[in-house]
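The values are calculated or read from the model by the stated rules, or taken from the named source; none is laboratory data. What you see is a predicted model, and the numbers here were worked out from it, not measured in a lab. We place every Cβ from the backbone using ideal geometry, glycine too, and count neighbours over all the protein chains shown. Note: areas computed on protein heavy atoms with side chains; ligands, DNA, RNA excluded. Shrake-Rupley method; radii C 1.70, N 1.55, O 1.52, S 1.80 Å.
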Amino acid sequence: YELPNGEYLELVLVTANAQPMRVVVPGTTRWQILQLADALQTEITNPRKRSSISYLDSAQKLYRWLIAPMAAELAALKIDNLIIIPAAGLRSVPFAALHDGKQFLVEKYSISVMPSLSLTDVSYDNIAKDEVLAMGASVFEDTAPLPAVPLEVQSTAPPHRGTLFLHQYFAIRKV
């Protein structure tokens, strides 16, 4: 995403098999996007709104600005993994929470966010046979439980691929 002069939003889609595609989203300013991103962040991190869907308006509008202009191309190319390199000010946007009106972005794509392509080592390293160390806890003294943690840890480090520490074997210490 680029907002070079603040007057418009420019999206760039780069794939391995096609020329880069540029889409300008007219009438969308840097200020509007930053304000909406901040509103979404505020809505989803407010503990008082944990059971609320008040974030959906921001999540859907950001989807319409940042993803929808390229949705047809993503579908045509059968893209299932997005690597997002957001402009400054958008790096903390919870892209997985963007919503198309039916589903969250993370339900359709696996998502990675990189701060900058120039800061990233893009060389391939086959990790298929590497061992994995996975750790997690799902029950805490002063925080709501995270019921999916055991499944996430077990799927991250299956018995033949690594070691896992769950619950009491993974000690969480307050500093």
(request) Please get the size of the charge dipole for the chain, origin at its Cα centre, with Cβ charges of +1 on Lys and Arg and -1 on Asp and Glu, quoted in debye to the nearest 20. (result) 300
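Relative to the present Cα-Cα distance, how much length would full extension add between THR143 and MET21 at 0.36 nm per residue of separation?
Computed gain between THR143 and MET21 is 39.5 nm.
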(request) Have a look at GLU141, GLU131, GLU73 and tell me which one the Gaussian network model of the chain (Cα, springs below 10 Å) gives the largest fluctuation. (result) GLU141
(request) Quickly work out the LEU166-to-GLU131 label distance, labels modelled 7 Å from Cα along the C-beta direction, and quote it in nm with one decimal. (result) 2.0
(message) Give me the percent relative contact order of segment 1-101, please, defined on Cα pairs under 8 angstrom at least 6 residues apart.
(response) 28
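Please work out the average accessible area per residue across the chain, using the 1.4 Å probe convention, and give it in Å².
Using a 1.4 Å probe on heavy atoms only, each residue of the chain averages 69 Å².
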(request) Towards the positive end of the charge dipole of the chain, with charges on Cβ (+1 Lys, Arg; -1 Asp, Glu), say which of VAL106, VAL14, ALA76 has the farthest Cα. (result) VAL106
(request) List the chymotrypsin sites (Phe, Trp or Tyr not before Pro) within segment 83-175 that fall in a DSSP loop (any state other than H, G, I, E or B) and whose Cβ has at most 13 other Cβ atoms within 10 Å. (result) TYR124, PHE140
(request) Please label the shape of segment 111-166 as rounded, prolate or oblate, based on the square roots a ≥ b ≥ c of the eigenvalues of the alpha-carbon gyration tensor (a/c under 1.5 means rounded; beyond that, a/b larger than b/c means prolate, else oblate). (result) oblate
(message) Computed from the coordinates I sent, mean projected area of the Cα convex hull in nm² equals one of [x] 13.9; [y] 13.4; [z] 10.0. Tell me the label.
(response) [y]
(request) Please label the shape of segment 79-140 as rounded, prolate or oblate, based on the square roots a ≥ b ≥ c of the eigenvalues of the alpha-carbon gyration tensor (a/c under 1.5 means rounded; beyond that, a/b larger than b/c means prolate, else oblate). (result) oblate
(request) Go ahead and set up a Gaussian network model of the chain, Cα springs under 10 Å, then flag whichever of ALA75, ALA157, ALA96 fluctuates most. (result) ALA157
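So what is the relative contact order for the chain, in percent, with contacts set as C-alpha pairs under 8 Å and at least six apart?
The normalised contact order for the chain reaches 14 percent.
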(request) Which order do the peptides 12-23, 60-71 take when ranked by the mean count of other beta-carbon atoms within 10 Å per residue, highest first? (result) 60-71, 12-23
